[in-house]
Amino acid sequence: MYIKTGDTVAIIAGSDQFVTDKKGNKTRKTGKVIKVYTKTNRVLVEGVNIVKKHQRPSQANEKGGIVEVEAAIHASNVALIDPKTNQPTRVKILTEIDDKGKKKKIRVATKSGERIDK
């Protein structure tokens, strides 16, 4: 999977795709990746796909009730943000050989050619 924890991504599909401002302009919703689930190919994005969860009273939450939490979305519904243009972009993976002769994979934005891994 080409998405890592801490990346900034844009939502490109689903009901949580756009956010409208006060003037009525639609922009893509963006957020930071909190966690990556590689087995199920899903990502948890901050502030996206908020669902209501019913919780029982516990020591941490003594009252219980309905809590809003983020739910994971499929990795195909998000795209990495290009560091140069701040637009969603596809990613290609290049292999680079470092000083010691080891191969290292780096992620590169296809639109601008900018390196995503610093």
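The values are calculated or read from the model by the stated rules, or taken from the named source; none is laboratory data. Keep in mind that this is a model prediction, so the values were computed, not measured. Glycine gets a Cβ as well: all are built from the backbone with ideal geometry, and neighbour counts include every protein chain shown.
For the range 67-89, state whether one or more residues are free of Cβ contacts under 8 Å to residues at least 12 places away in the same chain and assigned to a strand (DSSP E or B). Scanning the range 67-89 turns up no residue that is free of Cβ contacts under 8 Å to residues at least 12 places away in the same chain and assigned to a strand (DSSP E or B). Put simply, of K118, K105, K32 the only residue that is closer than 14 Å to K4 by Cα and at pLDDT 95 or above is K32. Just the residues that are part of a strand (DSSP E or B) and either closer than 12 Å to V78 by Cβ or among the hydroxyl-bearing types (S, T, Y) (or both), please, taken from the range 35-60. Of everything in the range 35-60, those that are part of a strand (DSSP E or B) and either closer than 12 Å to V78 by Cβ or among the hydroxyl-bearing types (S, T, Y) (or both) turn out to be V36, Y37, R42, V43, L44, V45.
For K92, state whether it is closer than 27 Å to G14 by Cβ, out of contact with any Pro (no Cβ under 6 Å at 6 or more places or on another chain), free of Cβ contacts under 8 Å to residues at least 24 places away in the same chain and not in a loop (DSSP other than H, G, I, E, B). For K92, the condition - closer than 27 Å to G14 by Cβ, out of contact with any Pro (no Cβ under 6 Å at 6 or more places or on another chain), free of Cβ contacts under 8 Å to residues at least 24 places away in the same chain and not in a loop (DSSP other than H, G, I, E, B) - is met. The condition (being surrounded by 11 or more Cβ atoms within 10 Å (Cβ to Cβ), at pLDDT below 95, over 15 Å from G6 (Cα atoms) and not aromatic (F, W, Y)) is satisfied by just one residue among V69, V48: V69.
Pairs linking a residue in the range 1-26 that is under 20 Å from S76 (Cβ atoms) to a residue that is surrounded by fewer than 13 Cβ atoms within 10 Å (Cβ to Cβ), with Cβ atoms under 7 Å and 6 or more positions apart or on different chains, are M1/T38; Y2/I93; T5/K35; F18/K26; F18/T27.
I'd like the residue in the range 3-30 that is closer than 18 Å to T85 by Cβ and of a type outside the set (S, T, N, Q) and, out of all such residues, is surrounded by the most Cβ atoms within 10 Å (Cβ to Cβ). Looking at the filtered set, the residue picked out is V9.
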